[in-house]
1. Among the residues in the stretch 22-40, are any surrounded by fewer than 13 Cβ atoms within 10 Å (Cβ to Cβ), within 18 Å of Lys66 (Cβ to Cβ) and either among the aliphatic types (A, V, I, L, M) or under 12 Å from the mean Cα position of the chain (by Cα) (or both)?
2. Looking only at the stretch 25-67, which residues are hydrophobic (A, V, I, L, M, F, W, C), modelled with pLDDT of 95 or more and part of a loop (DSSP other than H, G, I, E, B)?
3. Taking the stated definitions as given, is Lys14 of a type in the set (Lys, Arg) and under 15 Å from Arg81 (Cβ atoms)?
4. Given Arg55, Arg59, which one is within 20 Å of Leu91 (Cα to Cα), open to solvent by 100 Å² or more (accessible area, probe 1.4 Å) and among the basic types (Lys, Arg)?
5. Run down Leu8, Leu45, Leu84, Leu38 and say which single residue is out of contact with any Asp or Glu (no Cβ under 8 Å at 6 or more places or on another chain) and free of Cβ contacts under 8 Å to residues at least 40 places away in the same chain.
6. Quick check, is Ala2 modelled with pLDDT of 95 or more, exposed (fewer than 11 other Cβ atoms within 10 Å of the Cβ) and at negative phi?
7. Tell me which residues, restricted to the stretch 68-85, are part of a helix (DSSP H, G or I) and open to solvent by 40 Å² or more (accessible area, probe 1.4 Å).
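The values are calculated or read from the model by the stated rules, or taken from the named source; none is laboratory data. Quick caveat: nothing in here was measured; it's all calculated off a predicted structure. Because the Cβ atoms are built from the backbone with ideal geometry, glycine has one as well, and the counts that use them run over all protein chains shown. For the accessible areas, the whole protein counts, side chains as well, though only heavy atoms, and no ligand, DNA or RNA atoms are used. Shrake-Rupley method; radii C 1.70, N 1.55, O 1.52, S 1.80 Å.
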Amino acid sequence: MALLKGTLDVLVLKTLSWGPMHGFEITRWLEDRSGGRLDVTDAALLQALHRLEARDLLRAEWGVTKNERRARYYNLTPAGRLQLRTESAALIDQFDAVTSVLTARTA
């Protein structure tokens, strides 16, 4: 399923709230938690990571994966945690409103 515009950033922030991860781990976490229904492309994820890093919502540092490969690991900043709370609440409210409309019975 394609992501709705504007949702990837908050999903990445939520993923990183569980701890530092590199790009592949972020993608896998999102796919696992969505039961395979979310399809996050590498390009979209990299753009989101760069965007969030530029806004100081996360930090990146080089590390080594379990497979002995170099990778950039991303961490939430305090500003990222605050943004996650704010955006999550707004997104949940929007989805609740849309669900109410779509599930309304006709007269």
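1. no
2. Leu57
3. Judged against the criteria, Lys14 is a match.
4. Exactly one residue qualifies, and that residue is Arg55.
5. Being out of contact with any Asp or Glu (no Cβ under 8 Å at 6 or more places or on another chain) and free of Cβ contacts under 8 Å to residues at least 40 places away in the same chain holds for just one of Leu8, Leu45, Leu84, Leu38, which is Leu45.
6. no
7. Pro78, Ala79, Arg81, Leu82, Gln83, Arg85
Here is a yes/no grid of residues against (1) over 13 Å from Thr15 (Cα atoms); (2) touching a Phe, Trp or Tyr at 6+ places or on another chain (Cβ under 8 Å):
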| residue | (1), (2) |
| --- | --- |
| Trp62 | yes, yes |
| Lys66 | yes, no |
| Arg70 | yes, yes |
| Leu76 | no, no |
| Gly80 | no, no |
